[in-house]
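Only one structure is covered here, and it is reproduced in the block below.
Every read-out reported here was derived from the displayed coordinates using simple, explicitly stated rules and does not represent laboratory data. This is a predicted model, so every value here is computed, not measured. In this analysis, Cβ positions are derived from the backbone assuming ideal geometry, glycine residues included, and neighbour counts consider all displayed protein chains.
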Amino acid sequence: MIELAGVSKSYNKGAIKAVDNLNLSVRPGEIFGFLGPNGAGKTTTIKMMVGLLQADSGTITINGHNIEQEPLQVKSSLSYVPDNPEVYEKLSGLEYLNFLADVYRVPAKQRKERMERFLQLFEMTQAVGDLIQSYSHGMRQKIVLIGALLHEPEVFILDEPMVGLDPKSAHNLKEYMREHCDQGKTVFFSTHVLEVAEKLCDRIGIIRRGQLIACGTMDELKQQAQNEGSLEKIFLELTEA
Amino acid sequence: MRLLTLIKMQLNVSFNWSALKWYAKHDKKKILGGIALLLFILVSLAPVYYFLAINFLETVYLSGYSLGQPEFILTFAIVAVSMLVLFFAIPFIMATFYFSRDLALLVPLPFLPHEIIGAKFSTVVIQEYLTVLPFMLPALYFYGTGQNAGPYFWLVGILLTLLLPIIPLAIISAAILFLMRVTNLGKRKDLLRYLGMMLMLAAVLGFNYFMTKLEPMTQEELMNLLFAKEGLATLISRVYPPALWATRALAAEGTTALLNLAMFVILTSMGVMLTLYLGDRLFYRGLIGGDEVTARRDISVDRLAKAMSQVSSPAWAIAKREIKVLLRTPIYFFNSVAVILIMPLAMFLPLIWGNAMEPILTMLETLAPLYLNLGAAASIALVAAFAPAASTSFSREGKQFWLSQVMPVVPQEQINGKIIYSLLLSLLGIPLVFLASFLLFHWTNQELILISLVGMFLTLPSITVSLLIDLLRPYLTWSNPQAAIKQNFNAVFGMVATGVLYYLMYQFAMYMLQQQYSDFVIYSGVVASSLLLAALPYGIMVKIAERRFREIIAP
């Protein structure tokens, strides 16, 4: 589970408030979609959740561990897929996956089983022996996804995961996210693809100028916005208000 | 006009002008910190610069002057600087022309290949002034003030200094444009390119050998040259004839000076034209397809299964990652690995070929074995200290540093991985000791093991202090791998800090030698002091690493 309490982050000595007193709770077994216009604070929030940025104030708790006080426990229990798949280009896909399995201490038997399964799921078995520098954007995204899944994280955090994925891989990822949450685990992802969020997410949060302006199930969002339309209409109404 | 725009943009990107202007406006602290840092580097390097450049060049001037050949200093400086540029520009040109990340942006724009090459060549020339000016300016100063030179000398002196790097850079550019064109084929193009760069380095060394062996002179001929007009200048400029033209352009009078100046300028212009011409003919053909993937290698089920089951500790996994990335990135390989192997060869082979080692060897033979063994061990450490492998270790992660930040491995273990990798790299100095033993010193097996072990311990302080510096201020926002090393002050800081630590150890070793302790005590003392001086930065790193990993913002 994920718990954000009063989290704030500003840049330029406070001139730009990227995240402003954010309170958010994501329960186990839940897929949570995080929406917002460009520059709303989505990536900043995610980076604080995974330990890439320090919050100015507030607390972030992942699986009962505080990111500031117990960073290692937090990192062991989550996986992060960034919006831009920047990985070691001079390693082969296989070397990259083995590296991640080593640092997440995945035993030999499990790593073999999982690698085979996910490589097949994302159709990367043929390419895994090649250097990552030869991969397309989508293939890089897939190798980062596979690497993130190797230790079967309790909390799966993804920033714009569908960008660059082919339709089949995007479908497989969505299936996997559902399967993952059915096991009582948590998925938190940001996206601009509102149809995906509408269909896939149990709950949705909308952030604007660093503040959470709406949060809940689709029905709750419709009530909050007093709009019976699609998520797109609700999103536009809320963010342009 | 378009070329000028492109040059302006390239210079802006290379020197971070826009970023500096932004910081000057919005974050004065950062700019002041940068200036303080620069001053610190200049002050730290000042003593070394004074002794190695100023003092040395003054001696060269006075020697030439006493033989009635004051112009010798000019030829000497021009030859030295040109050779320096020629030797070190190979990876630099390769990285700038073929591996910078802006190429994907530039190639689709409506520029001709020679415009892109012209802009990139200009930025390399300007960056080479950092190598040229520190040696040429003192040479001009000693000659100009010593000979009461007039305004013509100073004007032409500045003009020639600015033109100086162009000819060697044009030679290297032509060779690299040709190399990349002919190797842009087949599955093994990376390997071919490594071999090509090695061949180029070998060619520079071979050229050096050829020149030192050129026309062996009798004692009488040598004496004649020493006392003839321009004798020394003629002798030394055999390695690089344009140096004599530049010297005459500065030191001769009337039409001779102007004629030689014209010759130098014409040759320089021809160098530029050749680069642009080859740029148009070869650049795209060497570049386009450089990243192409060869047909997928089907990985066998057995191999896949075996590879998937290989488990390593996190520290060892990190060390392996560092080594693989280093070996597979040509720029890192040349700056960190090739330098360890080639630099000592480049320094000593000419001495051996020129029979200049005889007196040095005779002097060394009078020393006790203890001194020689310690010296050899220190040379392993010194050679490793020149390779920026540890001092740019965090920086080289660049945009991938996020992985180090999110992985559940305590920073201490990540640091251990980097120490293992740096130590493995420093092992490369050991074969050179074996080579020196085979060629010159004929050490026993026991001595060779002892030298190698002490050498390994001696590299530890350099590794830990360099890693500490890079952890404190990693340079992660580079746009091409060359910048991660060459535009990274941490490499200089690492060397300066290592120099300070080694100086302390040298003093300690000298003290023990003066006290005439037994060999065992002295070796143990050296090893113990290495461990102590390595433990200090390591301890600081471990203490601050967790905080630093949280503070650093990955780009």
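The ranking of B:532, A:35, B:450 by Cβ neighbour count inside 10 Å, starting from the fewest, reads B:532, B:450, A:35.
Measuring against 21 Å, Cα to Cα, the residue pairs A:185/A:233; A:9/A:174; B:28/B:120; A:75/A:185 contain A:185/A:233; A:9/A:174; B:28/B:120 as the ones spanning a longer distance. Here the simple spin-label model places points 7 Å from the Cα toward Cβ, and for residue A:11 and residue B:42 these points are separated by 3.3 nm. This model, with +1 at the C-beta of Lys and Arg and -1 at the C-beta of Asp and Glu, gives region B:1-68 a dipole about its Cα centre of some 580 debye.
Estimated from helices alone, the mean residue ellipticity of chain A at 222 nm is -11500 deg cm²/dmol (sum of -39500 (n - 2.57) over DSSP H runs with n ≥ 4, per residue).
Within straight-line reach of residue B:306, meaning a Cα separation under 16 Å, sit the following lysines at least 8 residues removed in sequence or on another chain: A:109, A:112. Around the amide H of residue A:92, modelled in the peptide plane, lie the amide H atoms of A:132, all under 5 Å away and 5 or more residues distant in sequence or on another chain.
With both labels modelled 7 Å from their Cα along Cα-to-Cβ, the residue A:220 to residue B:453 distance reads 6.8 nm.
Restricting region A:79-188 to GluC sites (Glu not before Pro) that sit in a DSSP loop and have at most 14 other Cβ atoms within 10 Å of their own Cβ leaves A:123.
Is the shape of region A:152-196 rounded, prolate or oblate, going by the alpha carbon gyration tensor and its root eigenvalues a ≥ b ≥ c, with a/c under 1.5 for rounded and a/b larger than b/c for prolate? Note, shape of region A:152-196 comes out prolate. D for chain B, whole µm²/s, Stokes-Einstein with Kirkwood Rh over alpha-carbon pairs at 10 °C and 1.306 mPa s: what number? After rounding, the answer is 61 µm²/s.
In region A:56-98, taking the dipole from charged Cβ atoms about the Cα centre, the farthest positive-side position among A:62, A:98, A:80 is held by A:98. Relative intensity of region B:1-144 on a log10 scale, I(q)/I(0) at q = 0.10, 0.15, 0.16 Å⁻¹, equals -0.53, -0.96, -1.02, per a Debye sum over C-alpha point scatterers of equal strength in the absence of solvent. Considering only A:25, B:73, B:345, the residue lying farthest towards the positive end of the dipole of the protein assembly as shown is A:25, judged by Cα position with unit charges set on Cβ. Only Lys, Arg, Asp and Glu carry charge here, each on its Cβ (+1 for the first two, -1 for the last two); on that basis the protein assembly as shown has a dipole of about 580 debye about its Cα centre.
Legend: mean number of C-beta atoms from other chains within 10 angstrom of residue C-beta atoms, peptide A:80-92, equals 4. Size check on region B:388-469: the Cα extents along the three principal axes, sorted descending, read 51, 20, 18 Å. Listed by chain and number, the aspartates and glutamates placed with their C-alpha closer than 16 angstrom to that of residue A:17 are A:56; residues fewer than eight positions away on the same chain are left out.
Across region A:130-241, the volume of the C-alpha convex hull divided among the residues equals 125 Å³ per residue.
The Kirkwood hydrodynamic radius of the protein assembly as shown, based on inverse pair distances between different Cα atoms, is 29.9 Å.
If we count every other residue with Cβ under 10 angstrom of residue A:60's Cβ, Lys/Arg +1 and Asp/Glu -1, where does the sum land? Residues close to residue A:60 contribute a combined charge of -2.
Charging the Cβ of each Asp and Glu at -1 and of each Lys and Arg at +1, and nothing else, the dipole of region B:10-137 about its Cα centre rounds to 640 debye.
To the nearest whole number, what is the average tally of beta carbon atoms from other chains within 10 Å of the beta carbons of peptide A:50-57?
Average per residue, whole number: 3.
So if we plug the beta-carbon distance of residue A:202 and residue B:515 into 1/(1 + (r/R0)^6) with R0 = 60 Å, what FRET efficiency do we get, rounded to 0.05? Using R0 = 60 Å, I get an efficiency of 0.20. Take every Cα pair under 8 Å whose residues are at least 6 apart in sequence, average their separation, divide by the length of region A:169-215, and the relative contact order is 20 percent. The aspartates and glutamates within cross-link reach of residue B:320, meaning a Cα-to-Cα straight distance under 18 Å and a gap of 8 or more places when in the same chain, are A:89, A:95, A:102, A:130, B:397, B:413.
Note on B:326-335: average number of Cβ atoms from other chains within 10 Å of each residue's Cβ is 1.
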